[in-house]
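Trainee: Questions regarding the structure given below will be posed in turn.
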2 protein chains.
Amino acid sequence: VPLDELSIIDRYFRPLAGKGAFGLTDDAGVIDVPDGCELVVTADMLAAGKHFLRDDPPETVGQKALRVNISDLAAKGATPLSYILSLGLADDTDDAWLRGFTEGLRRDQESFGIELLGGDTNAIGRGIVISVTAFGSVRKGWMVHRFGGRPGDMLYVTGEIGAGAAGLALLKGEAGPWDAASKQEQDQLVRRYRVPAPRVELAPALAEFASAAMDVSDGLVGDCDKLCAASGCTAIIDAETVPLPAGTVPESETALAQLLTGGDDYEILAAVPVAKQDGFSATAAAAGVPIACIGLLIAGTGPVSVVHEGRPLPLRRRAYVHAMAGKP
Amino acid sequence: VPLDELSIIDRYFRPLAGKGAFGLTDDAGVIDVPDGCELVVTADMLAAGKHFLRDDPPETVGQKALRVNISDLAAKGATPLSYILSLGLADDTDDAWLRGFTEGLRRDQESFGIELLGGDTNAIGRGIVISVTAFGSVRKGWMVHRFGGRPGDMLYVTGEIGAGAAGLALLKGEAGPWDAASKQEQDQLVRRYRVPAPRVELAPALAEFASAAMDVSDGLVGDCDKLCAASGCTAIIDAETVPLPAGTVPESETALAQLLTGGDDYEILAAVPVAKQDGFSATAAAAGVPIACIGLLIAGTGPVSVVHEGRPLPLRRRAYVHAMAGKP
């Protein structure tokens, strides 16, 4: 018996509906923005075979769809509120997939205090496409932008860089600086690819101390290029100061570059004025978020310089880019 | 040369960015909800071959993607503010398609006073998937719901019912009550399928006078079932009072049922208490929106009764449903 949209909503999505969703029985939801706050909105679309693998467990697909959006909210200093889920299902998407997917959503709704506000479910033929629009709140005027960084500001990154790219490469059987990882380390790298850990605990520190911030989703170097372009400056990153995940041993500069330009980190890159470094570090430590100072913003334009052992690190690419076809 | 996401944003989407979008250079946008208002959020996903035809002009695809969402906002009594666009492009989507699609968006942003707030662009392989999340504002507590209708309330519908379904059938070469339409009438029916006309002018009248409302997108009868279910009652529709579009001549009850249960109308179905009928009619007339009284809500549960020449109209389906595959 084919499932229709209404029975999918009844069975899988209604239990996830939060305040303002009217039990998903209406055509729209309502967001009540807390007094003195403004609403921050972000969106990420995930497609099977592009942003997750077709045989990834559906629970982790649901978690990833939410977490990549929550990561954007955190980088803007915002607290998660709710989300809209538009879902394009393949003709052969079955009940088991939907059950796992919504179980992943349920778990992360609880972990991150975010609720389903509404959405749309469709059969689209081939592939699965997940489109999430997520909402967060921030004190009015306190959203952290990509712009706002100034020459002299120090550059920080949370956690470790390269775990997501390493996990994806391991799943694809590609060689690289993760080859010597133990079974347990490999599992952890794969886990980081499938279920990123958005740094929501850092949001208040960013709102208070950062001059600019963004989440690192397409590779540290390329994303730093974007922050600098928006801030009207450039930067130097000292590659030796960038924390790398356990199990990755970059024995060549090529291998190191693979980690610094891979995608799927969902860590946060932040610029912090020198006078605010102590406050930022202390607040991050109190929040339990590991941070590392990896360089600084400098006057100028153009791509960020990545230095390794005192010399420019050769980079064959700067970011993980999903190429788009077309005739410009 | 393949287009990448950044050049697509630069070329096509940045010119559409509105207030709060930060020129699409950030990871999130900000919505400032007018004082005393609440934010109404709705979402619709459109997939090539399902919600529009692969050879529909890209301008009309852009217009339809926005208008189906604006129609939901209007039915809730809300004024359009902004929208998020997540776009999954096919590997062979070319520059001409993007140019036409964004031209359609631009035109309708102007027509409906709505601005692009942000989004995401991806290559997803096959097909095109368009996911829009739209925002509107309504006076706090004045959103019109599907629930709220009471037995005795009169049922109204705007415009004409069946034009969208007739237009789609004509494009597919399917026979029906549109067979005798003149070339000009056929063009108009096809136009209504491709470019629906959301009833934004009626939003204030709905907020003031309607007890319940929704837009008619999946067929009048099935959508009326939904409004009644949410309102805890049922209804009688007098088929002879439902306005049909020029060029459609339902010579059989089967043909009449095709029009009343086809999709893609994007008209508004509203329940109005008897004491408010005069106010509703006068306000709709002043706004230039044609309305017709087509029945009334009655106590009870279950499917709405459609009466034709005093007898129940036989209905082989109640709504246009995109079947979903799956193993429940």
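Trainee: Distances from residue B:91 to the same position in the other copies: list them in nm, one decimal, shortest first, using label points 7 Å from Cα along Cα→Cβ.
Mentor: 1.9
Trainee: Something else about it: Using r as the Cβ-Cβ distance of residue B:54 and residue A:311, and R0 as 56 Å, what FRET efficiency do you calculate, to the nearest 0.05?
Mentor: Once the sixth-power term is evaluated, E becomes 0.60.
Trainee: Leaving out ligands, DNA and RNA, what percent of the accessible area of chain B is carbon and sulfur, probe 1.4 Å?
Mentor: 52
Trainee: To two decimal places, what compactness ratio does region B:78-139 give when its Cα radius of gyration is scaled by 2.2 N^0.38 Å?
Mentor: 1.24
Trainee: So what are the radius of gyration and Dmax for the Cα set of region B:139-187, in Å?
Mentor: 17.6, 48
Trainee: Okay, next question. Tell me, what is the Rg over Rh of the protein assembly as shown, with Rh the Kirkwood radius over Cα pairs?
Mentor: 1.01
Trainee: Starting from the amide H of residue A:216, placed 1.01 Å from N in the peptide plane, find each other amide H under 5 Å away whose residue is 5 or more places distant or on another chain.
Mentor: The list, which skips near neighbours in sequence, is A:266, A:267, A:268, A:269.
Trainee: Percent of alpha carbon pairs in region A:178-328 separated by more than 24 Å?
Mentor: 36
Trainee: Which listed residue (B:77, B:93, B:287) has the Cα farthest towards the positive end of the charge dipole for chain B, taking +1 on Lys and Arg C-beta and -1 on Asp and Glu C-beta about the Cα centre?
Mentor: After comparing all options, I get B:77.
Trainee: Now for a different question. Do any GluC sites (Glu not before Pro) in region B:226-328 lie in a DSSP loop with no more than 16 other beta carbon atoms within 10 Å, and if so, which?
Mentor: Here the GluC sites (Glu not before Pro) that fit, given the DSSP loop and packing criteria, are B:251, B:309.
Trainee: Trypsin sites (Lys or Arg not before Pro), restricted to region A:242-328: which are DSSP loop and have at most 15 other Cβ atoms within 10 Å?
Mentor: When the trypsin sites (Lys or Arg not before Pro) of region A:242-328 are filtered for loop state and at most 15 Cβ neighbours within 10 Å, A:316, A:317 remain.
Trainee: Each residue of region B:49-57 in order: what ³J(HN,Hα) in whole Hz does its phi give by Karplus 6.51 cos²θ - 1.76 cosθ + 1.60, θ = phi - 60°, with x for Gly and Pro?
Mentor: Each residue's phi maps through the Karplus curve to give x, 10, 10, 8, 8, 4, 9, 4, x Hz.
Trainee: Would you mind getting me the FRET efficiency between residue A:191 and residue B:99? Use the beta-carbon distance for r and R0 = 51 Å, nearest 0.05.
Mentor: Efficiency, from the Cβ-Cβ distance: 0.75.
Trainee: Further question on the same structure: Springs between alpha-carbon pairs under 10 angstrom, Gaussian network model over chain A: which of A:194, A:106, A:11 fluctuates most?
Mentor: Comparing A:194, A:106, A:11 in the GNM, the peak value goes to A:11.
Trainee: Sequence gap at least 6, Cα distance under 8 Å: using those rules, report the relative contact order of chain A to the nearest whole percent.
Mentor: Reported relative contact order: 22 percent.
Trainee: Among the listed pairs B:50/B:226; A:50/B:19; B:76/B:226; A:50/B:172; A:19/B:50, give every one whose C-alpha distance is greater than 25 Å.
Mentor: Table pairs above 25 Å Cα-Cα are A:50/B:19; A:50/B:172; A:19/B:50.
Trainee: At a temperature of 10 °C and a viscosity of 1.306 mPa s, determine how fast region A:256-310 diffuses translationally according to Stokes-Einstein, using the Kirkwood radius over alpha-carbon pairs as Rh; express D in µm²/s, rounded to the nearest whole number.
Mentor: So the translational diffusion coefficient is about 116 µm²/s.
Trainee: Where Rh is the Kirkwood radius over the Cα pairs of region A:164-229, the temperature 20 °C and the viscosity 1.002 mPa s, what D in µm²/s does Stokes-Einstein return?
Mentor: After rounding, the answer is 155 µm²/s.
Trainee: Consider just the alpha-carbon atoms of region A:127-260 and return their Rg together with their Dmax, both in angstrom.
Mentor: According to the Cα coordinates of region A:127-260, Rg and Dmax are 16.6, 48 Å.
Trainee: Another question, if that's okay. For A:236, A:128, give the ranking by accessible area with the largest first, probe 1.4 Å.
Mentor: Largest accessible area first, the list is A:236, A:128.
Trainee: Per residue, how much accessible surface does region B:67-214 expose to a 1.4 Å probe? Answer in Å², no decimals.
Mentor: Using a 1.4 Å probe on heavy atoms only, each residue of region B:67-214 averages 33 Å².
Trainee: Enumerate the aspartates and glutamates that residue B:276 could reach by cross-link, defined here as Cα to Cα under 12 Å, with residues fewer than 8 away along the same chain left out.
Mentor: B:153, B:208
Trainee: To the nearest 10 degrees, how steeply does helix B:277-286 sit against the main Cα axis of chain B, on a 0 to 90 scale?
Mentor: So the helix axis and the longest Cα principal axis differ by about 40 degrees.
Trainee: Using only Cα atoms, locate the centre of region B:7-52 and the centre of region B:124-195, then give the distance between them in Å, rounded to an integer.
Mentor: That distance is 22 Å.
Trainee: While we're on this one: Taking all pairs of distinct Cα atoms, average 1/r, flip it, and tell me the Kirkwood hydrodynamic radius of chain B in Å to one decimal place.
Mentor: Averaging 1/r across every pair of different Cα atoms and inverting gives 20.6 Å.
Trainee: Using a Gaussian network model of chain A with C-alpha springs under 10 Å, which one of A:184, A:109, A:63 is most mobile by mean-square fluctuation?
Mentor: Highest fluctuation of the listed residues: A:184.
Trainee: Which trypsin sites (Lys or Arg not before Pro) in region A:21-99 pass both tests, a DSSP loop state and at most 10 other beta-carbon atoms within 10 Å?
Mentor: The qualifying sites are A:54.
Trainee: Karplus couplings for region B:190-198 from phi (6.51 cos²θ - 1.76 cosθ + 1.60, θ = phi - 60°), rounded to Hz, Gly and Pro as x?
Mentor: Values per residue, Gly and Pro as x: 4, 4, 5, 5, 7, 10, x, 10, x Hz.
Trainee: Can you list, shortest first and in nm, the gaps between the label point of residue B:142 and those of its counterparts in the other copies, using a point 7 Å from Cα in the C-beta direction?
Mentor: 3.2
Trainee: Per the Kirkwood definition applied to all pairs of different Cα atoms, how many angstroms is the hydrodynamic radius of region B:55-201?
Mentor: Across region B:55-201, the inverse of the average 1/r is 17.2 Å.
Trainee: With angles folded into 0 to 90 degrees, how steeply does helix A:163-172 sit against the dominant principal axis of chain A? Use alpha carbons for both and round to 10.
Mentor: Compared with the principal axis, the helix lies near 60 degrees.
Trainee: Here is a further query. Report, in deg cm²/dmol and to the nearest 500, the calculated mean residue ellipticity at 222 nm for chain B, where each DSSP H run with n ≥ 4 adds -39500 (n - 2.57) and the sum is divided by the residue count.
Mentor: Result for chain B, helices only: -9500 deg cm²/dmol.
Trainee: Further, regarding this structure: So what is the diffusion coefficient of region B:1-128 in µm² per second by Stokes-Einstein at 37 °C and 0.692 mPa s, using a Kirkwood Rh over Cα pairs?
Mentor: The calculation lands on 215 µm²/s.
Trainee: Another question, if that's okay. Angle check, please: helix A:220-231 long axis (alpha carbons) against the longest principal axis of chain A (alpha carbons), in degrees 0 to 90, nearest 10.
Mentor: It is inclined by approximately 80 degrees.
Trainee: According to the Kirkwood expression over distinct Cα-Cα pairs, how big is the hydrodynamic radius of region B:204-290, in Å?
Mentor: About 14.2 Å for region B:204-290.
Trainee: List the distances, in nm and shortest first, from the label point of residue A:126 to the matching label points in every other copy, placing each point 7 Å from Cα along the Cα-to-Cβ direction.
Mentor: Output for residue A:126: 0.3 nm, nearest copy listed first.
The values are calculated or read from the model by the stated rules, or taken from the named source; none is laboratory data. Just so it is clear, the structure is predicted and the values come from calculations on it, not from any experiment. When we count neighbours, we look across all protein chains shown, and the Cβ atoms used for this are built from the backbone with ideal geometry, even at glycine. Surface accessibility is based on the protein's heavy atoms, side chains included, excluding ligands, DNA and RNA. Shrake-Rupley method; radii C 1.70, N 1.55, O 1.52, S 1.80 Å.
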